[in-house]
Amino acid sequence: MGKVGFTVAAAAAVVTCAVAVTVVSKRVKSRRKWRKVVGVLREFEEICGTPLSRLKQIVDAMAVEMHAGLASEGGSKLKMLLTFVDKLPTGSERGVYYALDLGGTNFRVLRVQLGGRRSSIVRQDVERKPIPEHLMTSSSEELFDFIAKSLKEFVEKETDEDSSVSSVKKRELGFTFSFPVKQTSVSSGILMKWTKGFSIRDMVGKDVCDCLQQALSRQGLDMHVVSLVNDTVGTLALGHYNDEDTVAAVIIGTGTNACYYERADAIIKSQGFPSSTGFMVVNMEWGNFWSSHLPRTIYDIELDADSPNPNDQGFEKMISGMYLGEIARRVILRMSQESDIFGPISSSLVKPFILRTPLMSTMHEDDTPDLREVARILEEVLEIQDVPHKVRKLVVNICDVVTRRAARLAAAGIIGILKKIGRDGSGGIAGGRSKDTSSSKMRRAVVAVEGGLYSNYRMFREYLNEAVTEILGEELSSFVELMVTEDGSGIGAALLAASYSSEMEDT
Ligand code: ADP
Ligand code: MG
């Protein structure tokens, strides 16, 4: 071999070696990156863990906090607000009643015609409309005029449609107002503060029913506001109308809250209220529940710190539809910061709340073999292109961890309520499950559940139902039923208007 030939061969060998080394080191690097990312997921999964032992601690904590919240004002992060609703619809109500539902994603106007036999809502009409954004920060007069006008148009339409409804002489109205209100009777309450993006300064401290009643008369509507409730109480009312064993209601939508039927003697005397029935519905405001047993991650801590209401609504921030997608986004972002498996960090990925929970559920429930929906949403919403299959699977895993934790915590909360009222088969908060508290003492208990997260997100619902069975055991859980209601928040207010109607009281 000549000198030139030798040099060429040697150079070729060096290049081959170099390429081989680069390939190997690339592989090593990518494996290392992958391990890092999987590490982020494992750590997240571990901290989010909700084994049965932990769920039971949360059940107990919920029952104990409920007790404390009832015992004294400020005694717990659970406000345990009295609603003054001391009777629930029974099914014997008759007549036509109206309701307005403000405080959810849509504003609703409703009418129900009741036939006087259980579950015989003869007819119901619901009209949904979004609240124009400028009204959310306007004056109370402008907001309530809009509401009253919507109701007036709704009532005027019926005159043309149905003479049996339009012949109703006296129109009575239930008002679902899902904001923190300090009630003073079943038909009056003071707004404590706005939430959910509303901010109308001249309204805080005012009586909500007065504001509505005045707007109705400005519109020339002869209607009387009979009941003021929030969405949970409305849902409980509809649940109870359908099934008398309904003892509690839970909302799991954009936000989360619960209420239940409490014995009057469990509510302390200093809160003194006149209950003719010995019971009262208590609005727990459970979104604010907190316990050291809740599995909290760095993502929860950061989400809370960045929120407009830090240290507030801790339970809600782990459970409700407003937040689940955002928690998942934060985990994906962390992974992108640790490695480039998602490519360069896009400007969308750093935007808070860009990954809405319905998108997250679409990814979680993607059953295409190549996880096409996951890829689409990552690309369209988070601007993450060309995601390999194993990374798509990783994203599904993140959604699963977030949702599983949320659903299981909500389940523990529900059993906590049943425990507080002695309907979980354990003999109340004092005693653990003992021999004499067998299923023979168990009575059927129904919990009405409403909200887009529970009703539209199948995996969430399945995890929640599964956890209820796990906590109570097969035998006892057969006595507990979760019943989905629809529009219960509004229809229930109309049903309560019927329960508290002067006509019903006259008879
Ligand atoms: P609101 O709570 O505002 O009264 P809903 O009860 O209808 O309204 O709940 C709407 C919320 O439910 C949405 O904000 C969203 O978080 C959640 N949601 C709706 N559809 C889905 C879905 N397909 N998957 C997951 N979450 C959903
Ligand atoms: Mg709602």
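The values are calculated or read from the model by the stated rules, or taken from the named source; none is laboratory data. It should be emphasised that the depicted structure is a prediction, and the values quoted were computed from it without experimental measurement. Cβ atoms come from the backbone with ideal geometry, glycine included; neighbour counts cover every protein chain shown.
Within the range 358-385, track down each residue that is under 25 Å from the mean Cα position of the chain (by Cα), among the β-branched types (Val, Ile, Thr) and part of a loop (DSSP other than H, G, I, E, B).
Correct list: Val381 only.
Pick from Gly314, Gly255: which is within 30 Å of Ile354 (Cβ to Cβ), in the same structural domain as His67 (by TED's automatic domain parsing), modelled with pLDDT under 95 and of a type in the set (Gly, Ala, Ser)? Outline the logic, then answer.
Details: Gly314 fails: modelled with pLDDT under 95.
After applying the criteria, what remains is Gly255.
Residue-by-condition table, conditions (1) farther than 16 Å from Asp243 by Cα; (2) within 13 Å of ligand 1 (Cβ to nearest atom); (3) of a type in the set (A, V, I, L, M); (4) modelled with pLDDT of 95 or more:
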position: Glu450; (1), (2), (3), (4): no, yes, no, yes
position: Leu453; (1), (2), (3), (4): yes, yes, yes, yes
position: Tyr457; (1), (2), (3), (4): yes, yes, no, yes
position: Ala467; (1), (2), (3), (4): yes, no, yes, yes
position: Val480; (1), (2), (3), (4): no, no, yes, yes
position: Gly490; (1), (2), (3), (4): yes, yes, no, no
position: Leu495; (1), (2), (3), (4): no, no, yes, yes
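Residue check: is Val282 hydrophobic (A, V, I, L, M, F, W, C), within 30 Å of Thr83 (Cα to Cα) and buried (at least 20 other Cβ atoms within 10 Å of the Cβ)? Lay out the reasoning, then the answer.
Values: hydrophobic (A, V, I, L, M, F, W, C): yes; within 30 Å of Thr83 (Cα to Cα): yes; buried (at least 20 other Cβ atoms within 10 Å of the Cβ): yes.
In short, yes.
What are the residue pairs meeting all of these: first residue in the range 476-489, first residue farther than 10 Å from Ala448 by Cβ, second residue in a strand (DSSP E or B) and more than 16 Å from ligand 2 (Cβ to nearest atom), Cβ atoms under 6 Å, and 6 or more apart or on different chains?
As it stands, the answer is Val480/Ala445, since those pairs meet every condition given.
Just wondering, is there one or more residues in the range 281-291 that are within 14 Å of ligand 1 (Cβ to nearest atom), of a type outside the set (Lys, Arg) and in contact (Cβ under 8 Å) with a residue 12 or more places away in the chain? Break it down stepwise before answering.
So the first thing to find is which residues in the range 281-291 are within 14 Å of ligand 1 (Cβ to nearest atom), and the list is 287.
So of that shortlist, the ones also of a type outside the set (Lys, Arg) come out as 287.
Then keep just the ones that are in contact (Cβ under 8 Å) with a residue 12 or more places away in the chain; that gives 287.
Yes: the range 281-291 contains one or more residues that are within 14 Å of ligand 1 (Cβ to nearest atom), of a type outside the set (Lys, Arg) and in contact (Cβ under 8 Å) with a residue 12 or more places away in the chain.
If you take the residues of the range 178-197 that are part of a loop (DSSP other than H, G, I, E, B) and either at pLDDT 90 or above or away from ligand 2 (no atom under 16 Å from the Cβ) (or both), which of them is surrounded by the fewest Cβ atoms within 10 Å (Cβ to Cβ)? Steps first, answer last, please.
Going through the range 178-197, the residues part of a loop (DSSP other than H, G, I, E, B) turn out to be 178-180, 186-187, 192-197.
Now restrict to residues that are either at pLDDT 90 or above or away from ligand 2 (no atom under 16 Å from the Cβ) (or both): 178-179, 186-187, 192-194.
Values: Ser178: 22, Phe179: 18, Val186: 23, Ser187: 23, Met192: 14, Lys193: 12, Trp194: 16.
Only one residue fits best here, namely Lys193.
Among the listed residues Leu355, Leu303, identify the single one that is within 18 Å of the chain's Cα centre (by Cα) and part of a loop (DSSP other than H, G, I, E, B).
Details: Leu303 fails: part of a loop (DSSP other than H, G, I, E, B).
Going through Leu355, Leu303 in turn, the sole match is Leu355.
Condition (residue is in contact with a Ser or Thr (Cβ under 6 Å, 6 or more places away or on another chain), over 29 Å from Ser501 (Cβ atoms) and surrounded by fewer than 17 Cβ atoms within 10 Å (Cβ to Cβ)) applied to the range 68-89: is it met by at least one residue?
Keep residues of the range 68-89 that are in contact with a Ser or Thr (Cβ under 6 Å, 6 or more places away or on another chain), which gives 68-69, 84, 86-87, 89.
Narrowing the set further to residues that are over 29 Å from Ser501 (Cβ atoms) leaves 68-69.
Right, trim to surrounded by fewer than 17 Cβ atoms within 10 Å (Cβ to Cβ) and you get 68.
Looking for residues that are in contact with a Ser or Thr (Cβ under 6 Å, 6 or more places away or on another chain), over 29 Å from Ser501 (Cβ atoms) and surrounded by fewer than 17 Cβ atoms within 10 Å (Cβ to Cβ), one finds at least one in the range 68-89, hence yes.
Which of the residues spanning the range 325-377 are surrounded by 15 or more Cβ atoms within 10 Å (Cβ to Cβ) and of a type in the set (Phe, Trp, Tyr)?
Phe342, the sole residue that qualifies.
Which count do you get for residues in the range 110-127 that are outside any loop (DSSP other than H, G, I, E, B) and surrounded by fewer than 22 Cβ atoms within 10 Å (Cβ to Cβ)? Steps first, please.
Taking the range 110-127 as the starting set, the residues that turn out to be outside any loop (DSSP other than H, G, I, E, B) are 110-115, 121-127.
Adding the requirement that they be surrounded by fewer than 22 Cβ atoms within 10 Å (Cβ to Cβ) leaves 113, 115, 121-127.
Number satisfying all stated conditions: 9.
Which one of these is on the phi < 0 side of the Ramachandran plot, in the same structural domain as Asn311 (by TED's automatic domain parsing) and away from ligand 2 (no atom under 16 Å from the Cβ): Gly75, Gly115? Before you say what the answer is, go through the steps one by one.
Details: Gly115 fails: in the same structural domain as Asn311 (by TED's automatic domain parsing).
Answer to the check: Gly75.
Quick check on the range 477-490: of everything there that is farther than 21 Å from Phe179 by Cβ and of a type outside the set (Val, Ile, Thr), which residue is surrounded by the most Cβ atoms within 10 Å (Cβ to Cβ)? Don't jump to the end; show me each part of the working.
At the first step, the residues of the range 477-490 found to be farther than 21 Å from Phe179 by Cβ are 477-484, 486.
Those left that are additionally of a type outside the set (Val, Ile, Thr): 477-479, 481-483, 486.
Values: Ser477: 21, Ser478: 13, Phe479: 18, Glu481: 16, Leu482: 16, Met483: 18, Glu486: 12.
In this case the residue turns out to be Ser477.
Tell me which of these Glu93 doesn't satisfy, since it passes every other one: (1) in contact (Cβ under 8 Å) with a residue 40 or more places away in the chain; (2) surrounded by fewer than 23 Cβ atoms within 10 Å (Cβ to Cβ).
Going through (1) in contact (Cβ under 8 Å) with a residue 40 or more places away in the chain; (2) surrounded by fewer than 23 Cβ atoms within 10 Å (Cβ to Cβ) one by one, Glu93 breaks only (2).
Surrounded by fewer than 23 Cβ atoms within 10 Å (Cβ to Cβ) and not acidic (Asp, Glu): is that true of Ala493 in this structure?
Values: surrounded by fewer than 23 Cβ atoms within 10 Å (Cβ to Cβ): no; not acidic (Asp, Glu): yes.
Here the answer is no, as Ala493 does not meet what is asked.
Any residue at all in the range 96-108 that's part of a loop (DSSP other than H, G, I, E, B), of a type in the set (S, T, N, Q) and touching a strand residue (DSSP E or B) at 6+ places or on another chain (Cβ under 7 Å)?
Kept after step one, since they are part of a loop (DSSP other than H, G, I, E, B), are these residues of the range 96-108: 103-106.
With the extra rule that they be of a type in the set (S, T, N, Q), the set shrinks to 105-106.
With touching a strand residue (DSSP E or B) at 6+ places or on another chain (Cβ under 7 Å) added as a condition, the list becomes 106.
Yes, the range 96-108 has at least one match.
Do any residues in the range 323-336 that are in contact (Cβ under 8 Å) with a residue 24 or more places away in the chain and closer than 12 Å to Cys399 by Cα have Cβ atoms under 6 Å from those of residues that are crowded, with 22+ Cβ neighbours inside 10 Å and of a type in the set (Phe, Trp, Tyr), where the two are at least six apart or on different chains, and which pairs are they?
Val331/Phe44
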